[in-house]
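Down below is the structure, laid out as structure tokens.
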Amino acid sequence: MSPIKILVVEDEVIVAADIAGRLKKLGYAVIATVVSGEEAIKKVTEERPDLVLMDIVLKGEMDGVTAAEKIRAKVDVPTIFLTAYADDKTLQRAKITDPFGYIIKPFQQNDLRVAIEIALHRHSIEAKMRESLKVSEATRESLAEKSHRQNQYISMAAHELRNPLNAILISAELLKIDRTRSSDESQVKTLRLVHSATQKMNQLIDDMLFVGRAESGKLKCNPFPINLVEFCQELLAQLQLGNEAHKLTLIPSDVTSAILDQQLLYCIISNLIVNAIKYSPNGGEVSLELEYLQAGGGDKEAIFCLSPECLIPNSNFTKINSPSLIIRIRDEGIGIPETEVGKIFEMFYRCKNTERIKGNGLGLTIVKKAVDLQGGAIGCESKIGIGTTFTVALPYIALSSKSHR
Ligand code: ATP
Ligand code: MG
């Protein structure tokens, strides 16, 4: 074990040499003996001793009490005051600096050892207490934040469920009242309303369950070989049904297959494409592009085509450091306001410019969770009135060394 390092601050050179000698005999390392408060502050900052032995009465502008105060404000090093004589006022000031001990001059070698060991022990206990206080404070804060977030989710979910539930209730009332009077056609219309409201509730509950499972760590990534081209073509064909006013295209690329979690990949691409359709005018083109990137194949600006105002929510993602599959979904839609782009992955967040378009604000939360679960990253570049591009980078495991081609 390396010896404890002590700085001696004493303006009487002979006394300083005597103290240093005694300390060395006791097995301590004296890093320096200095004669003024200013020098003491400089030495402590440079050399970080384990303890300072400080004479209270020092010649010069700064006495030991002021020097100890300044040291305490800069670094966490315990100070023991040495004093032969000090007036009451000075002693009161010394007390306020909360020193770790006093030694009255003249003193015995043993007094010195006892004062130093007590000071070091007290200092280490205080440091541990501070550390555990910090940990418990952080735990308390994170629990409070978690419970606040859960309450928020519950009230938001309840709010979102109320609309379709009301639609069902009103439809049921209509069916009851008009059972005899209304035509078959009007009853079918009402039943359709019930069906659509039920579907909406179902989707919301499914989405919330997905987020809940992801947050509690119950959702796992199960990678299997996927034929990416077939997978994307089928997904686009499915989404094209009912969205004939938009043109969905898969941009040809040399990526063919990979080992990925199919369910998570579906969540990512389908939610991003549904958004691209939903937030672009009829006639707009939505494209899906796959690209293979080698390790070190580009930094984040290059991969995510980011201009400075765009975001990477996964800010620790700076470089592609392993082979990656890049998925790009581009639309010619209304765009995302610059001031809101940092919030779109938050649960239930919806941008001001899309308030009139229906949605729960869960799709991108799901996408982000699915990307995180696979150790990937997501970025978004958008311009109001021009369009939006979401770029996802997922760790790429090829079926064989050439299988992406
Ligand atoms: P849902 O839960 O049904 O997906 P949503 O689409 O409103 O509802 P998210 O998919 O999480 O929710 O998207 C959050 C918000 O981000 C949207 O409400 C919209 O304001 C904005 N947004 C997402 N994608 C686009 C896009 N391609 N173009 C413009 N705005 C978008
Ligand atoms: Mg959505």
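Potential lengthening of the chain between A138 and N227 amounts to 27.5 nm, from the contour at 0.36 nm per residue minus the alpha-carbon distance. Each peptide among 89-97, 102-110, 132-140 gets the average number of other Cβ atoms lying within 10 Å of its residues, and from highest to lowest they stand as 89-97, 102-110, 132-140. Applying the Karplus relation 6.51 cos²θ - 1.76 cosθ + 1.60 with θ = phi - 60° to the stretch 169-175 yields 3J(HN,Hα) values of 4, 5, 4, 4, 4, 4, 4 Hz, where x marks Gly and Pro.
The portion of the accessible surface of the stretch 5-107 made up by carbon and sulfur, rounded to a whole percent, is 54 (1.4 Å probe; DNA, RNA and ligands excluded). Element breakdown for the stretch 142-215 at a 1.4 angstrom probe: carbon and sulfur atoms account for 57% of the accessible area.
Which value, in debye to the nearest 20, gives the size of the charge dipole of the chain about its Cα centre, when Lys and Arg are +1 and Asp and Glu are -1 at the Cβ?
On the way: 49 positive and 51 negative charges, 195 e Å.
Once rounded to the nearest 20, the dipole reads 940 debye.
Given the stretch 142-215 reduced to its alpha-carbon atoms as identical point scatterers, what log10 I(q)/I(0) does the Debye formula return at q = 0.16, 0.18, 0.27 Å⁻¹? With one equal scatterer per Cα and no solvent, log10 I(q)/I(0) is -0.66, -0.75, -1.15. Given a Förster distance of 45 Å, report the FRET efficiency between T339 and E46 from their Cβ-Cβ distance, rounded to the nearest 0.05. Between T339 and E46 the formula returns 0.45. Could I have the simple spin-label model distance between M156 and I397, label points 7 Å from Cα toward Cβ, reported in nm to one decimal? In this crude spin-label approximation the distance works out to 3.3 nm. Applying 0.36 nm per residue to the separation of Q240 and Q294 and subtracting their alpha-carbon distance, the gain on full extension is 16.3 nm.
Taken along its three principal axes, the alpha carbon spread of the stretch 5-107 comes to 34, 30, 24 Å, from the longest extent down to the shortest. The residues of the stretch 208-270 have, on average, 54 Å² of accessible surface per residue, using a 1.4 Å probe with all protein chains present.
Which whole-number value in Å² is the accessible area per residue of the stretch 5-107, probe 1.4 Å? Mind showing how you got there, number by number?
Details: 5170 Å² over 103 residues.
Roughly 50 Å² per residue, with all protein chains present.
The GluC sites (Glu not before Pro) of the stretch 6-61 that DSSP puts in a loop, and whose beta carbon has at most 11 other beta carbons within 10 Å, are E61. Given +1 at the Cβ of Lys and Arg, -1 at the Cβ of Asp and Glu and no other charges, the dipole of the stretch 139-189 around its Cα centre is 140 debye to the nearest 20.
Strictly over 27 Å apart at the Cα level, which of K134/K368; K89/K128; K220/K343; K43/K95 would you flag in this model? Spell out each step's value before the answer.
Working: K134/K368 30 Å; K89/K128 33 Å; K220/K343 25 Å; K43/K95 23 Å.
Distance filter (> 27 Å) returns K134/K368; K89/K128.
Per-residue packing, averaged as other Cβ atoms within 10 Å, sorts the ranges 155-166, 323-334, 344-355 into the order 323-334, 344-355, 155-166, beginning with the highest.
If you take all other residues with their beta carbon under 14 Å from the beta carbon of G217, and give Lys and Arg +1 and Asp and Glu -1, the sum is +3. Axis angle, to the nearest 10 degrees, between helix 228-240 and the longest C-alpha principal axis of the chain: 60 degrees.
Which log10 I(q)/I(0) values, to two decimals, does the chain give at q = 0.09 Å⁻¹ under the Debye formula with one point per Cα? Results for the chain at q = 0.09 Å⁻¹ read -0.73.
Quote the relative contact order of the stretch 39-186 in percent (integer), defining contacts as alpha-carbon pairs under 8 Å separated by 6+ residues. Intermediate results must be reported in sequence, preceding the final value.
Values: 102 pairs, mean separation 23.8, N = 148.
Normalised by residue count, the contact order of the stretch 39-186 is 16 percent.
Taking label points 7 Å from Cα along the Cα-to-Cβ direction, K358 and E215 give a separation of 2.5 nm. Based on the Cβ-Cβ distance from S147 to E346, what FRET efficiency comes out when R0 is 22 Å, to the nearest 0.05? After rounding, the FRET efficiency stands at 0.80.
The values are calculated or read from the model by the stated rules, or taken from the named source; none is laboratory data. Just so it is clear, the structure is predicted and the values come from calculations on it, not from any experiment. Neighbour counts are summed over all protein chains in view; Cβ atoms, including those assigned to glycine, are modelled from backbone coordinates with ideal geometry. Areas reflect the complete protein model, heavy atoms only, side chains present, ligands, DNA and RNA absent. Shrake-Rupley method; radii C 1.70, N 1.55, O 1.52, S 1.80 Å.
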